[in-house]
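To start, the structure under review is shown below, and the notes come after it.
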Amino acid sequence: MPALGWLTARRRSASPRSVLAGEAAAEAALAVREEAAPAEAADAREAEEEREPRFPVAGDPRAAAFFDLDNTVMQGAAIFHFGRGLYKRKFFHKRDLLRFAWQQTWFRLAGTEDPGHMEDVRNSALSIVKGHRVEELMAIGEEVYDEYMAGKIWPGTRALAQAHLDAGQPVWLVTAAPVETATIIARRLGLTGALGTVAESVGGVYTGRLVGEPLHGPAKAEAVKALAAARGLDLARCAAYSDSANDIPMLSLVGHPYAINPDSALRKHAREHDWRLRDYRTGRKAARIGLPAAAGVGAVAGGAVAAAAIQRRRR
């Protein structure tokens, strides 16, 4: 029985596949974080020594921050960067790389997600990894981060995440990217963990199918709700950050929503609802937000991804 099966009462407002994707993402994230519990307890004790309350509030055990990844934390889309790395390792042909390159260029110029492009890339990626072992793709993901992703992190957004960590709050990536890739990025940035799309695997080998659907739009909100319920978080005290109007369901869940490098639809929605904004693409600040520009290394490290074991239990 899935560890989060008791969350079925939350399925009122989302499709069954969105709920399944959200619960799978939360279950995978929680499995990864089990090893890090002692470190989190130590960070919470240190946070209690903060003298002056501020946002994020130091030592608040029921607060957390949720960050979208693509164009929020990192320039471009993680799955496109990963595709470049797979091509370099001869996982697919030049014509497929050209398609990836065009979609990445369009994504960066438009600054928003096109459902058709994203679905095409997702289907291509699933067919490419089918039959490969999870541990093999994880090892490649570590190399790809160094090759293509490390230099794409927005320093401003990274500082916002660090501010939450410095206040003793967990910080989670929430992304449609594969959970394995998202977990690598979260660990490299010193974040708490990641909620991502869960690809089915049996015996540690990818089947070419997803659990539920991609962690996108409403599915992200379901994943955040599932994780919050499992961790005892108060969403009214949590923060969320994204660049896309697709993430309005997730942003609307929390008490502190932020639009980062927003697309036009999210910028309009944020202004109408008095959400705070910041744009790092040109160096201009859409509005000042009350977070210090934190520096230093992250305080929390991740562990190994447990998605393969989770999928075996689901079957």
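The values are calculated or read from the model by the stated rules, or taken from the named source; none is laboratory data. This structure is a prediction, so every number in the text was calculated from the model and none was measured. Neighbour counts run over all protein chains shown; Cβ positions are idealised from the backbone, glycine included.
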Practice item. Might you check whether a residue that is within 27 Å of I248 (Cβ to Cβ), among the aromatic types (F, W, Y), at pLDDT 90 or above and buried (at least 18 other Cβ atoms within 10 Å of the Cβ) occurs anywhere in the range 98-121? Key: no
**Study point:** The one condition in (1) crowded, with 24+ Cβ neighbours inside 10 Å; (2) in contact with a Phe, Trp or Tyr (Cβ under 9 Å, 6 or more places away or on another chain) that D243 fails to fulfil
**Key:** (2)
Exercise for review: Give the range 156-177 a look and list any residue that's within 18 Å of P218 (Cα to Cα) and touching a Gly at 6+ places or on another chain (Cβ under 6 Å), or say none.
Suggested key: W172, T175, A177
Exercise for review: Being of a type in the set (A, V, I, L, M, F, W, C) and either in contact (Cβ under 8 Å) with a residue 60 or more places away in the chain or not in a helix (DSSP H, G or I) (or both) is the filter here, so list the residues in the range 123-156 that pass it.
Suggested key: L126, V129, V134, L137, M138, V144, M149, I153, W154
Practice item. Could you grab me the full set of residues in the range 138-164 that are closer than 15 Å to R187 by Cα and among the small types (G, A, S)? Key: A139, G141, A150, A161
Review point. Looking at this structure, is A159 assigned to a helix (DSSP H, G or I) and over 18 Å from L30 (Cα atoms)?
Key: yes
Practice item. Just name the residue that is modelled with the lowest pLDDT out of those in the range 126-154 that are surrounded by 16 or more Cβ atoms within 10 Å (Cβ to Cβ) and farther than 17 Å from D70 by Cα. Key: L126
Point to revise | Residues of the range 167-220 classified as of a type in the set (D, E) and assigned to a strand (DSSP E or B), total | key: 1
Exercise for review: Give the residue, chosen from V179, V211, that is under 16 Å from G141 (Cα atoms) and modelled with pLDDT under 95.
Suggested key: V179
Practice item. Output the qualifying pairs, or none if there are none: Cβ atoms under 9 angstrom, residues six or more apart or on different chains, first residue in the range 160-180 and in contact (Cβ under 8 Å) with a residue 24 or more places away in the chain and more than 21 Å from V198 (Cα to Cα), second residue surrounded by fewer than 24 Cβ atoms within 10 Å (Cβ to Cβ) and among the aromatic types (F, W, Y). Key: A163/F55; A167/F55
Review point. Could you say whether any residue in the range 174-197 is touching a Phe, Trp or Tyr at 6+ places or on another chain (Cβ under 6 Å), crowded, with 24+ Cβ neighbours inside 10 Å and closer than 18 Å to I260 by Cα?
Key: yes
Review point. When you look at A228, is it surrounded by fewer than 21 Cβ atoms within 10 Å (Cβ to Cβ) and touching a Cys at 6+ places or on another chain (Cβ under 8 Å), yes or no?
Key: yes
